[in-house]
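Take a look at the structure set out below.
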Amino acid sequence: MALKTRLASIVSRDARLKQAIDQIESGENVVQGFTALGQLAQQGNVEAQYRTGKAYLEGWGTPPSLEDGTRWIRKAAEAGHVQARVTLATLYLVGFPEDFDENRPSIMRDGKERPRVPDFVKSAHWSRLAAEAGQPDAQALLGYVLTNGPEELRDLAQARDWYEKAAAANSAQGHLGLGMALHTDPQSADDLERGTAQLILAADAGLATAYYFLGWINEQGIGQAQDFAAAARYFEKAAERGIVQAQTRFALYLLQGKGVARRLDRAETWLRRAALGKDAEAAALLGDLHVRGEEMAPNYLEAAMWYQVAAELGHGPAARGLGLLYLTGTGVHRDPDEAAKWFRVSAECGDRVADADLGNLALTGIGSEEGRQAMQKRFLQAAENGDLVGAFNVGVCYAEGVGTERDEVRAAYWMQRAADGVVNAQYWLGRMYLEGRGLKEDIGLAIDWLGKAASARMTEAMILLAQILVSGRAPGGKDHASALVLYRDAAALGSVEAMFAAGAMLGGGHDVAVDRHEAQRCFRSAAERGHALGQLMLGRYLKRGLAGEVNPVEARIWLERAQAQGVSDAEAELAKLERRLGGRV
């Protein structure tokens, strides 16, 4: 440094200030620069007070201190320093810890992290002073406070005016605020187009939030045609800049191959980042991904971990998924009580499917009596408030004596209340009319309600209705053709019982055309799914060649499986098979 500059720094406060700023900004002699700033600040130099405050806030040449930083920023702001006023307004908007005192060092407190409490009123005060002085970022900040502050501060028209001023001065935050304002409350035909243009300017300045909203605009086709490729690009840019919701959104695009090549590995990486950022939906999607497996092997333990993360963040379906894993012992140890706990969490999050799961668990005796009583009261309250699923659940409680005394009349009442909108209630109500439980027995009404549930593809209703039609209890007598249609439909939906029943009807003895090839196919479908009587019948068909195919080796396999499940007729069939072949099967 030249001798002349050294002498000037001694006699000139401005030169000393410039030298201190240069030392900090260049990264050389930062501590020396901070010391010089502090001396000038003590002497009343307003710029030095602002710079000293920033140094404390940012940790330039000194350990960071929110208290010391705020105190010096306030001194400068009160002396009229515009940028200090912007900084102080921002500090109030972010909020100070509950017990914050800028005149008491943090070392005097216990060091625990405390939640920050925003003060919109003070933020509005300081940002307005700077905005009226023409500071663009302050104008944008004031617009934000007037848009998002408490009701008494909110003024959307004034906020838009301040955003307009900030945007005209090319403030990136002004472009962002104006773009969002124009999209939120468009007042003319070109507001949406103009709003998008403002958001593009904000994105060009690198603002992550602008990228996210541009992704949403392109995805939804707001004011323009949908463009999933553009949406994917914007969501990716926002994701790279740390916007958690964008990370989840971009991951979904990668999962679905929408607007971008499908890449499960990249999707999983982005979902992890979002889940670690406490995005419940991302954690739930990770759980789903590991349950399905797809391009990788299923990992149920990992699925359980992510479901629990999502559930603890209030994601009802994830809590239900975790409950199902505990109920079945998939990836975790089987624990019905733990399953009930997570079903309860899911139900409390509003998941009605979990409410039904919890009710079904209660029917098996899972959980304490106190817990079942609390559950019944919750169902009753929901039912009395008009919730149809709640009405069905409380009907089950009264029908089976879960959490309350058994009362079939009340059960029927709540089933009738729920039946117009809940398929399960239609099925239960049909059964109650069929059996005369809580209602006068009425086969016609039983068939009507079971028919409604069957039309909604409920397999249990299809099977029960088919049984009535086979038995001849229906008012019109037997209708085996309609029963077979019901059994086949239920079998197509995966009902093993219906697969066996369809085979039995097609095998003969019913008022439908005999088709033993189809009957054998139905028995095989049931047998392969563990149905004991299906295994017996498939063994018989293969032993006797009833469908034209004789296969004693396979017949023996199925008969032995049926015998292992306790089917006594299978033992007799095996003995006949042994005698016929002289024990050489």
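A few points about this structure:
- For the chain, the orientation-averaged shadow of the C-alpha convex hull comes to 41.5 nm² (one quarter of the hull surface).
- Cβ charges +1 (Lys, Arg) and -1 (Asp, Glu), total dipole of the range 534-585, debye: 180 debye
- Only helical runs count toward this figure. For the chain, summing -39,500 (n - 2.57) over DSSP H runs of n ≥ 4 and dividing by all residues gives -22500 deg cm²/dmol at 222 nm.
- Structural size metrics of the range 534-585, computed from C-alpha coordinates, are Rg and Dmax of 9.8, 28 Å.
- Taking a straight Cα-Cα cut-off under 17 Å and skipping sequence neighbours fewer than 8 places away in the same chain, the lysines within cross-link reach of residue 543 are 576.
- Note: relative contact order over the range 424-500, using C-alpha pairs below 8 Å and six or more positions apart, is 21 percent.
- Applying 1/(1 + (r/R0)^6) with r as the Cβ-Cβ distance of residue 272 and residue 241 and R0 = 25 angstrom yields a FRET efficiency of 0.90.
- Mean Cα-pair separation over length for the range 534-585, i.e. relative contact order, pairs under 8 Å, 6 or more apart, %: 31 percent
- Take the Cα of residue 554, step 7 Å toward its Cβ, do the same at residue 154, and the gap between the two points is 7.0 nm.
- Computed from Cα atoms, the angle from the helix 369-384 axis to the main principal axis of the chain rounds to 80 degrees.
- Between 0 and 90°, nearest 10: helix 172-184 axis offset from the chain longest Cα axis: 40 degrees
- When peptides 220-226, 237-243, 277-283 are sorted by average Cβ neighbour count within 10 Å, with the highest value leading, the order is 277-283, 237-243, 220-226.
- Between residue 12 and residue 457, the modelled label-to-label distance comes to 8.3 nm, taking each label 7 Å out from Cα in the direction of the beta carbon.
- Estimated FRET transfer efficiency when R0 is 30 angstrom, pair residue 224-residue 169 (beta carbons, to 0.05): 0.65
- Per-pair calculated FRET efficiency, R0 = 35 Å: residue 571 and residue 445 via Cβ, rounded to 0.05: 0.20
- Mean separation of Cα contacts under 8 Å, 6 or more apart, over the residue count of the chain: relative contact order %: 3 percent
- Structure note, pairs 122/278; 122/165; 377/452: Cα-Cα distances above 26 angstrom occur for 122/278; 377/452.
- Each of 564, 539, 550 was scored by the projection of its Cα onto the charge dipole of the range 534-585, and the greatest displacement toward the positive side belongs to 550; charges sit on the C-beta of Lys, Arg, Asp and Glu.
- The alpha carbon gyration tensor of the range 182-226 gives principal lengths a ≥ b ≥ c with a/c of 1.5 or higher and a/b no greater than b/c, which makes the shape oblate.
- Crossing angle, helix 82-94 versus the chain [Cα axis fit, 0-90 degrees, rounded to tens]: 30 degrees
Read-outs throughout are calculated quantities, based only on the coordinates presented, and are distinct from any laboratory measurement. Source: prediction; values computed, not measured. Glycine also receives a Cβ, built like all others from the backbone with ideal geometry; neighbour counts cover every protein chain displayed.
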